[in-house]
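All of the numbers you see were taken from the coordinates with simple rules; none came from a lab. If you're wondering where the values come from, they're calculated on a predicted model, not measured in any experiment. We place every Cβ from the backbone using ideal geometry, glycine too, and count neighbours over all the protein chains shown.
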Amino acid sequence: MNRDIDFVVVVMGELKGKKILVTGGAGFIGFHLCRRLTDLTSNLTIYDDLSSGKMDNVKDVGKVKLVKGNILDQKKLLSTEKADLIYHLAAQVVVPYSMENPLIDFETNAKGTLQVLEKARKDDAKLVFASSAAVYGNPTQLPTKEDYGFHPVSCYGLSKVVGEEYCGMYRDQYGLDVTVVRFANVYGLRCHGVIHDFLDKIAKNPNKLEIIGTGLQSRDLVHISDVVDALLTVGSEEFTNGETYNIGFGTTTKIIDLANLILQILNLQNKTVITTTGVSWQGDINTIWFDISKTRKELHWNPKVSLEDSIKEVIADRKL
């Protein structure tokens, strides 16, 4: 059977009719995930305080119930309709903010994850926890496998480590079904990452593009549609329980090369001057490059969307 057809059949069969809760569903990844989930279930709830998520994202998903609440509000979270499957995406994700506000970062990402785990335990629901490349820090092994270990260099990364450890504890002690997914750099429409940052700067001043840092930082860039495919698979398959998966493209791109690619697509390579600050923010990572061999093998998943095609999509959407 064709892999794409097989994927749809399996996912639709396993998720059809399930009660699904997505924390942080009004955010970038949450929007794209929820839009796909509406094709698989009519019982979908977004739990989001809209502090960084957008109401437009909720409205554009369509067939979904919104519960406006903070994951730290235990009473409200636990009283939300019983779920069969929880995707925990809600998080504080800005590394510089985590370094300036480590207590707030810990409250949201560590304590908040514990609250969501309690919701999953109460409901006897499967939990998919969104972690990050930040748990690896600056790895000496590239590409980096899931068993590399924890070496965070930011408060954000450390808070994600704590979240993962709590997931493991709840799995071992309470028998909770938990799958951990570690995201590389996810991009696509409605995202606010390095690609959109560059396009914003070029829109304001097409003669100059400033890169924060040296430009030699390197990132594993994976498209949101590929990420959603992986999330649907781990949410639907029992064999993923207790496992951890790298979700990336399996390659790495220097930020300076990304900038040059964008300028080439915009036909600005001979007009726009690239400059660098030379110094990045505290807690920044030098290289993110995932080994995705486990994800490919076990999930029968392969990222499909190329970086160049996606940048063209984003530019067309922004009408630059």
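With both residues required to sit in the chain, DSSP beta bridges show an antiparallel share near 5%. Modelled spin-label separation between N205 and F150, with each label point placed 7 Å from Cα along the Cα-to-Cβ direction: 4.2 nm. Considering the dipole of segment 1-135 built from charges on the beta carbon (Lys and Arg +1, Asp and Glu -1) around the Cα centre, which of S132, S51, L66 is farthest to its positive end? Projecting each Cα onto the dipole axis, the largest value belongs to L66. Of the residues N109, V314, T233, the one whose Cα sits farthest towards the positive end of the charge dipole of the chain is V314 (charges of +1 on Lys and Arg Cβ, -1 on Asp and Glu Cβ, taken about the Cα centre).
For the pair H192 and K54 in one chain, pulling the backbone fully straight at 0.36 nm per residue adds 48.4 nm over the alpha carbon distance.
Where does each of 68-79, 36-47 land if you order them by average Cβ count within 10 Å, highest first?
Working: 68-79: 15.6, 36-47: 19.5.
So the order, starting with the most tightly packed, is 36-47, 68-79.
Diagonalising the gyration tensor over the Cα atoms of segment 1-131 and scaling each eigenvalue by 5 before taking the square root yields semi-axes of 26, 16, 14 Å, largest first. Distance from the Cα centre of segment 244-269 to that of segment 167-213, in angstrom? Measuring centre to centre over Cα atoms gives 13 Å.
Three semi-axes describe the equivalent ellipsoid of segment 99-249; taken as square roots of 5 times the Cα gyration tensor eigenvalues and ordered largest first, they are 31, 17, 16 Å.
Note on segment 180-223: Cα Rg divided by 2.2 N^0.38 Å, N the number of residues, gives 1.33.
Got a sec? Charge dipole of segment 271-320, +1 on Cβ for Lys and Arg, -1 for Asp and Glu; which of T295, V305, T275 is way out at the positive end? Going by the charge dipole, the pick is V305.
Using just its DSSP H runs of length 4 or more, each adding -39500 (n - 2.57), the chain gives a mean residue ellipticity at 222 nm of -12500 deg cm²/dmol after division by all residues. Binning the C-alpha pair distances of segment 257-320 at 5 Å intervals from 0 yields a P(r) profile of 3, 12, 14, 16, 16, 19, 12, 6, 2, 0 %, listed from the shortest bin outward.
What size of dipole, in debye to the nearest 20, comes out for segment 42-143 about its Cα centre when the only charges are +1 on Lys and Arg C-beta atoms and -1 on Asp and Glu C-beta atoms? Kindly include the intermediate steps, with their values, before the conclusion.
Values: 13 positive and 13 negative charges, 69 e Å.
About 340 debye.
Each of the peptides 177-184, 128-135, 92-99 was scored by the mean count of other Cβ atoms within 10 Å over its residues; in descending order, highest first, they stand as 128-135, 177-184, 92-99.
A simple charge model with +1 on the Cβ of Lys and Arg, -1 on the Cβ of Asp and Glu and nothing else charged puts the dipole of the chain at about 740 debye relative to its Cα centre. Label separation (E313 vs N101): 3.1 nm, computed from points 7 Å beyond Cα along the C-beta direction. A Cβ-based charge dipole, computed about the Cα centre of segment 51-210 with Lys and Arg at +1 and Asp and Glu at -1, lands at about 520 debye.
Bridge orientation summary for segment 169-293: considering DSSP beta bridges with both residues in this region, about 15 percent are antiparallel.
Using alpha carbons only, the radius of gyration of segment 171-316 set against its Kirkwood radius gives Rg/Rh = 1.05. Each of R318, R35 has some number of other Cβ atoms within 10 Å of its Cβ, and from fewest to most they run R318, R35.
Roughly what percent of Cα-Cα pairs across the chain reach past 36 Å? For the chain, the fraction of Cα-Cα distances above 36 Å is 16 percent. Short to long, the 5 Å bins of the Cα pair-distance histogram for segment 62-102 hold 5, 15, 21, 23, 13, 12, 8, 2 percent of all pairs.
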